[in-house]
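Here's the structure we're looking at; comments come further down.
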Amino acid sequence: MTTTQQLNELINREYQHGFYTQLEADTIPLGLNESTIRLISAKKNEPAFMLEWRLKAYQHWLTLSEPRWANLDWSPIDYQNAYYYSAPKSEKNGPRDLSEIDPELLRTYEKLGIPLKEQKMLAGVAVDAVFDSVSVATTFKQNLSTLGIIFCPFSEAVQKYPDLVKQYLGSVVPYTDNFFASLNAAVFSDGSFCYIPPGVHCPMELSTYFRINAKNTGQFERTLIIADKDAYVSYLEGCTAPMRDEHQLHAAVVELIALEGARIKYATVQNWYPGDKEGKGGIYNFVTKRGDCRGEKSHISWTQVETGSAITWKYPSVILRGNGSVGEFYSVALSNNHQQADTGTKMIHIGRDTKSTVLSKGISAGYGQNTYRGLIKVLSGAENARNYTQCDSLLLGEHCGAHTFPYIEVKNPSAKVEHEASTSRIGEEQLFYCTQRGISPENAVSMIVSGFCKAVFQELPMEFSVEAQKLLGVSLEGSTG
Amino acid sequence: MLSIKNLHVCIDGKEILRGINLDVKAGEVHAIMGPNASGKSTLAQLLAGREIYKVTAGSVHYLGRDLLAMSPERRACEGVFLAFQYPVEIPGVSNALFLKTALNAIRKYHRLPELDAMDFLTLVRERMKRVGMDEALLLRAVNEGFSGGEKKRNEILQLNILQPRLAILDETDSGLDIDALKLVADGVNDMRGADRAIILVTHYQRLLDYIVPDAVHVLSQGCIVKSGGADLAKDLERHGYNWLETGDLIKQIA
Ligand SMILES: Nc1ncnc2c1ncn2[C@@H]1O[C@H](COP(=O)(O)OP(=O)(O)O)[C@@H](O)[C@H]1O
Ligand SMILES: [Mg+2]
């Protein structure tokens, strides 16, 4: 039927970030064992506490096996047939000047729409660019430091602020948390570190841009964000990878800590290579993201737009420890062709008067399978806890699927937990209504899909809301009216 | 402007329209009346390009061109407009965005510059007043949570803004109170003009008190069983559709 063809055309646009950058790389031997970890730690010139932590994580990881409870099907990963460290050669130890960066690397980021050169930097957005295993550039660092804000590669934070790292690393996602988090703790090579001092409202968006380039290389980055008392920060993470026939593993960990009265907004636009139309290749994205509302009246929100990856396994969560703290999760997940996404959130209510909101929009097309999995847990001390969950699925075509698994555990009778779910299909009737008004079928689908996602897009920073809509193949010509 | 010849239409293998002949000239208003399930909406939607209906015989020409060969959006851009009997809801898409996208798509087709947000708003506000529509409905999602009357007025608003050459209104009068009916009729009468044709599909003759048609056709079981002037509607009102069908039957037996 023509409707289906039109839908297919729209969502089958080619992946645009699939190019590979030819660079000389510093790569360590294939495989994973204790000496791999010692080698990574040595390359980073890490203090002893880091190496110890990594080795403990590795020992623990050896006792675990891959979690298989998700509604996902992936072929076994050979952890010995991967490289755990790859860095562009020009990258020497220690921080350096942008002028020392390989021009090829700068061009790569420009091609991706992330200019790193001073005169071209995105206004109002500070970027930390992570290329394979290392951070290659951080913009606006100076401007931020006058406010006492620390925004730098993780490896630099380990050198310059070891006490902060020691205090917070693993305090939200311990190395024992799960298989992929343990692996990450053992081998992670870089990531972003961010600290906002008490009372400081970070004046620009902070952003990390991850790029997997090298072949057969896992990417294991770690992000740690701390908002001290009454601080505010809005953070955005973006990611892409070249097109390759074999799967590549991405296992990241993000930890957020909000102290009393602090607010962290964390947004992700995930556009890893999803594999081809037959399901060959693509990134396996196994990510652990968790926020800890440690202080009273603190506030953490996760917003994610997940369009890429062959497999997405991801549950950004909030631990609502502080009394009166607030957790939010806004998600758009698209799975097309043979993509599989099992994603959702956990809201753990511990403190009194804690509130959480979950809004999930799943879009399935082609043979895509989209699963929402959410846990709302209210512990006995969480007097007056409130949760509202809304979970909507949109199906485009006949062969895709949408699944919803809400888990609710309430140990305090004063809690109010609400869950609403809906599933709809872009109907021939809806499309006809649009085309009868002169709107092309492609624009009609775009409009309907973006209408479906609107409530989530509104939570993204302005600049990225536009990018996210484009990502969904949404061309909202002159949407300002 | 519109010429339908021996049109046969099926859905799911069931024949709904069984040999329709109809000629509508520029400047005319035609009313199509008939009992429920006689095929009125089928005809209206087929003309607008709904693909679930299959043409098994006959032809439709619009401004001398084969209408059936055109995609729905092409027909819309060429000036064919359908006011839906049951307007569809589109969650999350504002009525304003929808209308502006439609208007600019049609303007672009005619190589006219697209309207910017300001010009569009000026236009739409003025037209909304004319059809008695609350401005707040601009920011609401298309038809979502609209009352029956609001949906119908929204169709008339679109009609007035898109300014088609052939407007087909499918039971736009049903479910309206008398004040709303008058506003809708005003909206339609506004559109009457020498180079525009209007087809009014209606179940009742009530609307025809306010919009006086040039011709009335009665559709029954997929055929036009009678055509006449504005008076035909009055006769139907007096005698009901049975009068026609039995009359028809008597003719066939005799
Ligand atoms: N989508 C459809 N699928 C099957 N039958 C349909 C469909 N649409 C209309 N019909 C049938 O076609 C006939 C004419 O319907 P319709 O054109 O809506 O009549 P009217 O508008 O005159 O009330 C009815 O018997 C109806 O059941
Ligand atoms: Mg009808």
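The values are calculated or read from the model by the stated rules, or taken from the named source; none is laboratory data. Since the structure is predicted, the reported quantities are computational estimates derived from the model, not experimental observations. Heads up, the Cβs are rebuilt from the backbone with ideal geometry, glycines too, and the neighbour counts pull from every protein chain shown.
How many residues are near ligand 1 (Cβ under 8 Å from one of its atoms), hydrophobic (A, V, I, L, M, F, W, C) and crowded, with 19+ Cβ neighbours inside 10 Å when one looks only at region B:24-68? Summing the residues that are near ligand 1 (Cβ under 8 Å from one of its atoms), hydrophobic (A, V, I, L, M, F, W, C) and crowded, with 19+ Cβ neighbours inside 10 Å in region B:24-68 gives 2.
Looking for something touching a His at 6+ places or on another chain (Cβ under 9 Å) and among the basic types (Lys, Arg) - is there at least one such residue anywhere in region B:196-216? No, there is no match, as no residue in region B:196-216 is touching a His at 6+ places or on another chain (Cβ under 9 Å) and among the basic types (Lys, Arg). Could you check, for region B:116-136, whether at least one of its residues is more than 30 Å from B:Leu63 (Cα to Cα), crowded, with 20+ Cβ neighbours inside 10 Å and touching a Ser or Thr at 6+ places or on another chain (Cβ under 9 Å)? No; the residues of region B:116-136 include none that is more than 30 Å from B:Leu63 (Cα to Cα), crowded, with 20+ Cβ neighbours inside 10 Å and touching a Ser or Thr at 6+ places or on another chain (Cβ under 9 Å).
Each residue in region B:137-157 was checked for being in contact with a strand residue (DSSP E or B) (Cβ under 6 Å, 6 or more places away or on another chain) and crowded, with 18+ Cβ neighbours inside 10 Å, and 3 of them qualify.
Scan region B:28-72 for residues that are away from chain A (no Cβ under 14 Å) and either in a loop (DSSP other than H, G, I, E, B) or on the phi > 0 side of the Ramachandran plot (or both) and the total you get is 10. Here region A:177-210 is the region considered, the condition is being modelled with pLDDT under 95 and assigned to a loop (DSSP other than H, G, I, E, B), and the residue that is surrounded by the fewest Cβ atoms within 10 Å (Cβ to Cβ) is A:Pro203.
One line per residue, one yes/no per condition, for (1) within 13 Å of ligand 1 (Cβ to nearest atom); (2) within 14 Å of another protein chain (Cβ to nearest Cβ):
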residue	(1), (2)
B:Leu166	no, yes
B:Asp170	yes, yes
B:Val184	no, no
B:Val188	no, no
B:Ile198	no, no
B:Val201	yes, no
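Within region B:78-94, restricting attention to residues that are outside any loop (DSSP other than H, G, I, E, B) and within 20 Å of B:Met191 (Cβ to Cβ), which residue is farthest from the other protein chains (Cβ to nearest Cβ)? Of everything passing the filter in region B:78-94, B:Ala83 is farthest from the other protein chains (Cβ to nearest Cβ).
Evaluate region B:197-208: report whether one residue or more is surrounded by fewer than 17 Cβ atoms within 10 Å (Cβ to Cβ) and under 15 Å from B:His30 (Cβ atoms). No, region B:197-208 contains no residue that is surrounded by fewer than 17 Cβ atoms within 10 Å (Cβ to Cβ) and under 15 Å from B:His30 (Cβ atoms). Outside any loop (DSSP other than H, G, I, E, B), in contact (Cβ under 8 Å) with a residue 40 or more places away in the chain, under 13 Å from the mean Cα position of the chain (by Cα) and more than 16 Å from ligand 1 (Cβ to nearest atom) - does that describe any residue in region B:111-131? No, the conditions are met nowhere in region B:111-131. Counting residues in region A:455-463 that are assigned to a helix (DSSP H, G or I), at pLDDT 80 or above and not small (Gly, Ala, Ser) gives one or more. Taking the conditions (1) more than 14 Å from every other protein chain (Cβ to nearest Cβ); (2) over 26 Å from the mean Cα position of the chain (by Cα); (3) surrounded by 16 or more Cβ atoms within 10 Å (Cβ to Cβ) in turn, A:Tyr372 satisfies each one other than (2). Looking across B:Ile20, B:Ile16, one residue alone is crowded, with 22+ Cβ neighbours inside 10 Å, more than 15 Å from B:Leu166 (Cβ to Cβ), away from chain A (no Cβ under 13 Å) and within 16 Å of ligand 2 (Cβ to nearest atom). It is B:Ile20. In region B:130-158, the qualifying residues are those that are basic (Lys, Arg) and away from every other protein chain (no Cβ under 14 Å), and the one that is nearest to B:Gln85 (Cα to Cα) is B:Lys152. Counting the residues of region B:69-88 that are surrounded by fewer than 16 Cβ atoms within 10 Å (Cβ to Cβ) and either in contact (Cβ under 8 Å) with a residue 12 or more places away in the chain or under 18 Å from B:Ala167 (Cβ atoms) (or both) gives 2. With respect to the conditions (1) more than 16 Å from ligand 2 (Cβ to nearest atom); (2) in contact with a helix residue (DSSP H, G or I) (Cβ under 9 Å, 6 or more places away or on another chain), B:Val88 lacks only one, and its number is (1). Select from region A:44-63 the residues that are touching a residue at least 60 places away in the same chain (Cβ under 8 Å) and surrounded by 15 or more Cβ atoms within 10 Å (Cβ to Cβ) and list them in ascending order. Listed by number, the residues that qualify are A:Lys44, A:Glu46, A:Met50, A:Trp53, A:Arg54, A:Leu55, A:Lys56, A:Ala57, A:Tyr58, A:His60, A:Trp61.
Per the listing B:Asp170, B:Asp195, B:Asp214, B:Asp248, the residue uniquely more than 16 Å from ligand 2 (Cβ to nearest atom), touching a strand residue (DSSP E or B) at 6+ places or on another chain (Cβ under 6 Å) and at pLDDT 90 or above is B:Asp214.
Per-residue answers, yes or no, for (1) part of a helix (DSSP H, G or I); (2) at pLDDT below 70:
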| site | (1), (2) |
| --- | --- |
| A:Tyr15 | no, yes |
| A:Leu30 | no, no |
| A:Thr36 | yes, no |
| A:Ser41 | yes, no |
| A:Phe49 | yes, no |
| A:Gln59 | yes, no |
| A:Asn81 | no, no |
| A:Glu91 | no, yes |
| A:Tyr109 | yes, yes |
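The condition (being touching a helix residue (DSSP H, G or I) at 6+ places or on another chain (Cβ under 9 Å) and of a type in the set (A, V, I, L, M)) is satisfied by just one residue among B:Leu99, B:Leu63: B:Leu99.
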